[in-house]
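So the structure is just underneath, and the comments pick up after that.
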Amino acid sequence: MVRRQKVGAVLLMLFTIFVVASYLSVPKEKLDNWENGVYWIGYPKRAKPVWLGGTPTVKLSPKLNWSSSEYKEYLYTYGHEYDEKPNDIAVIISHPAFYVIDVKRPDGILVSVYDEMLFQNITLNTNDKIALSTFRALREKFNLTDADLGTRTPTEILFSTDYQFNTLKGTYIFRILCNCSAPPEIIVYGTSYGLLGTDSYGRDIWVGFVKSMVNTLYLALFTTVMIIALGLLFGLISGYFENLLSSIVTFFLEVLTALPILPILVVLTWVMSRQGIGAHVEVNPIKFMLLVSILLVGKFAKTIRIMTIQEKSKEHVTASISLGASGFHVIRKHILPVVLEHSVRYFTFLMPRIVALISIFGFFGLVPGVNWGSFVVEALQQGALYGGYWWWVLSPGFAMAFLSLGFALLMPVDNSLTLS
Amino acid sequence: MRIAKRALGKIITIYLTVMIILILTAGVTANHLLKEKAKDLAEYGIGMKNPALYEQIKREAAKEGVEPWKYIYEHLLLEKYGLAKNPFIMGIQLLLNKGEPLKTQIDKRKERELSLFRATLVTLTVMLSSMALIVAFGVLFGMKLANHSRLLEIVEGITRFFNGLPSWWVGVLLIVIFAVKLNILPTGGLFTPKLLHGVAYLFDLIKHLVLPIMTLFLVFIWEFMSIVARETQKEMYQPYIQTERAKGVPERIIYRKHILRNIGIVVSSFTAQKFMEMFTDYLIIDYLFGLMGLGLVLKNSFVREIIPNVGINVTFNFYLFFATTLIIATISFAASLLLELLKGIIDPRVS
């Protein structure tokens, strides 16, 4: 093994460890709920990754201020020392009750946030009543216009010094009066969350990344194995034998390489699919893999065919045939070892290629499950490219680049055969 | 200089088979779509709006011993559109534009947007200019690389590296760098929404095409370079080249007159092969950069929309599907023909 191959092997090992570790790092509940928008309501929206800085998420601890037989008043203090404002604030309640929520800002202004029955957990940015009451409370002080109601979030207004929306640093005191048995929780969401931030539904992008990575790799691995198996079968048949079947197979391989793959794959995948729950297409992964491998097998099978023809004309093989060896024996003993060696090399070339192709097909949303293609399409639809959320769009590519590099260093592939 | 008759026959047969497969694909898809529609009609459409009619259909279906939706599919939909049940015949009917009512209504604005002529023109322009750049750079630098085996190994490594990268990702990376961060090139589209004439118009167009062409170039150049280098290496130590060297013929002329001509066949086959492979990548690049080429047409040929409160609406526009696939197939066909012709010119022994 040359040093280069060792580096390649180490890279692939690291990648495998990364895949396993990241899969284990995410609880299964989150993975299952990735496509369930409701599940992610309590998370900050459009947060940055933690490693880009930003304010962290803080859970405030309640302090009982005053209580009567029915009502209790809790105080929560929050010191804000960052230049950036928090992303959102959530109030997590234990049961439906009557709540009065207000906030005392560092400059002494008391902003009334909410006073009504509360049936479920709320966040400041997603509740219209809160948006209006915060807006009203600070409208005169800041000279806010109606346009600001639409363009600024309540959290942003709450944490601003003046109409220029600079951040007001200092201690914020949240006061909650309620007829509840247990104190509600207040979570101040920072501008950063998780390893890859969150999207505009509040979904943890890292969860989506891991889910699509596992699915893409699974599909790619089995598709590659199928292509190699089918390619060996077709290549050996069309290369070794000289009968009607082999000429049909040869012709079929020529046709396959001339087909426009993408349009055919898109419509046929849909024909095979079933409408799943929600807006999702359910495609049987086995059928999908078989379709992709048949459409892509042409090139590899042709290479195997040429190798078989070359091997067959070698002296030791013709000698073996003239001694009465059967076709099966010759293929197994003389041709298969050579061809298999090439297949293993080709596998290291094909696997990253198929990962790339599956992410291309995912662009049309018809690949079974979540994959890197659909992951990026979603990012593009949510404006990640022009909104500067580059970590979101580029992360799958970096993973693919790493995988590709590992395979590239591990085993060189002789391309000369694919040309003839 | 003639094309070999056998090769020509083979290419035509392959092209015809490709056509048949495309027709079959369209037929199968349209058939599936009609069946889904029939099921939908049976469950919600007729079943809810006109119960009397539905009862009658049920009776008729029971007489024939089929399920109600199948009856609707066979007697209402197929007969109404005048389509055959056989997917292949249906495909041909669709190709000949028989199922007119099946054709989804493309509104006027969309139709202008999806001009096939312009789509083909854009596709050919982008693909041919990337290919021309790739061939020019590949041959030029590939021949130089043949003498530097260390560098060649690195280029081969890069080839493998790009092989595992999806082309859209390279495009996204270029957009992030040149359009978003540096802001020197447009992110997509073909023109700035401004009226320009003459040179300014052309300049604007070129500026919009730089990133897509660069993406395709970056994805495909490495493999091309290493192939040219490997082929040159094989040729370089042939006895006839040594003889030429011994005669004192300048290297430049040896390269141009002998090596280039001899690697010509391999390089031109490789070019044709890559050109066909490039279509898959181009369709995505086209969609990513919003070039309004065949990628957009393909995207519009099969639309799966999510309509709130109604559900999912699938429209299969076989007119656009045929247009995309047949244009791609025809271009590939033309490329193969051209290749055979070129082979004959480069090496008369072939034909």
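We did not get these values from a lab; they are worked out from the coordinates using the rules stated. Treat the numbers as computed from the prediction; the structure is a model and nothing was measured. Note that we place each Cβ from the backbone using ideal geometry, even for glycine, and neighbour counts take in every protein chain shown.
The table for this structure:
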item: Loop sites in region A:221-299: GluC sites (Glu not before Pro), DSSP, at most 16 other Cβ within 10 Å; result: A:242
item: Alpha-carbon gyration tensor eigenvalues x 5, square-rooted, for region B:153-266, Å; result: 41, 20, 10
item: Reachable lysines from residue B:247, criterion Cα separation under 23 angstrom, eight or more residues apart if same chain; result: B:144, B:234, B:257
item: Choice from A:40, A:51, A:372 showing the highest fluctuation, given a GNM over chain A with Cα pairs closer than 10 Å; result: A:51
item: Qualifying lysines (Cα of each under 17 Å from Cα of residue A:312; at least 8 residues distant if same chain); result: A:302, A:333
item: Relative contact order computed over chain B (Cα-Cα under 8 Å; 6+ residues apart), in percent; result: 25
item: Span-like helix ranges in chain B, DSSP H, alpha carbon extent 30 angstrom or more, Kyte mean at least 0.0; result: B:5-40, B:116-145, B:198-236, B:260-289, B:318-346
item: Average other protein chain Cβ within 10 Å of Cβ, residues B:165-177; result: 6
item: Within a Gaussian network of chain A (alpha carbon springs, distance under 10 Å), most fluctuating of A:35, A:156, A:341; result: A:341
item: Angle between chain A longest axis and helix A:3-25 axis [Cα atoms, degrees, rounded to 10]; result: 40
item: Cα gyration tensor category, rounded, prolate or oblate, for region A:149-198 with a/c compared to 1.5; result: oblate
item: Violating pairs (Cα-Cα greater than 24 angstrom) within the set A:59/A:85; A:72/A:169; A:141/A:169; result: A:72/A:169
item: Gain upon complete extension [residue A:7, residue A:241; 0.36 nm per residue less C-alpha separation]; result: 80.1 nm
item: Computed FRET value (nearest 0.05) for residue B:67 with residue A:78, which takes r as the C-beta separation and R₀ as 60 Å; result: 0.40
item: Computed over chain B, Kirkwood Rh from alpha-carbon pairs, angstrom; result: 24.3
item: Chain B: most fluctuating residue of B:266, B:228, B:139 per GNM, C-alpha cutoff 10 Å; result: B:266
item: Chymotrypsin sites (Phe, Trp or Tyr not before Pro) restricted to region B:228-263 and DSSP loop, no more than 13 other C-beta within 10 Å; result: B:237
item: Cβ-derived FRET efficiency at R0 45 Å, residue B:242 paired with residue A:229, nearest 0.05; result: 0.50
item: Net dipole in debye of chain A [+1 Lys, Arg Cβ; -1 Asp, Glu Cβ; about Cα centre; nearest 20]; result: 1280
item: Given chain A, longest segment not containing exposed loop trypsin sites (Lys or Arg not before Pro) (DSSP; at most 15 other Cβ within 10 Å); result: A:1-168
item: Degrees separating the helix A:244-258 axis from the principal Cα axis of chain A, which is the longest one; result: 40
item: Residue-averaged 222 nm ellipticity for chain B, from DSSP H runs of 4+ at -39500 (n - 2.57), nearest 500; result: -23000 deg cm²/dmol
item: 0 to 90° range, to nearest 10: angle between helix A:372-381 axis and chain A longest Cα axis; result: 40
item: Loop chymotrypsin sites (Phe, Trp or Tyr not before Pro), region A:105-200 (other Cβ atoms within 10 Å of the site Cβ: 10 or fewer; DSSP); result: A:119
item: Length added when fully stretched, residue A:51-residue A:65, from 0.36 nm per residue minus Cα-Cα; result: 1.3 nm
item: Estimated FRET transfer efficiency when R0 is 22 angstrom, pair residue A:58-residue A:140 (beta carbons, to 0.05); result: 0.15
item: Helix-only [θ]222 nm of chain A, DSSP H runs n ≥ 4, -39500 (n - 2.57) each, per residue, nearest 500; result: -17000 deg cm²/dmol
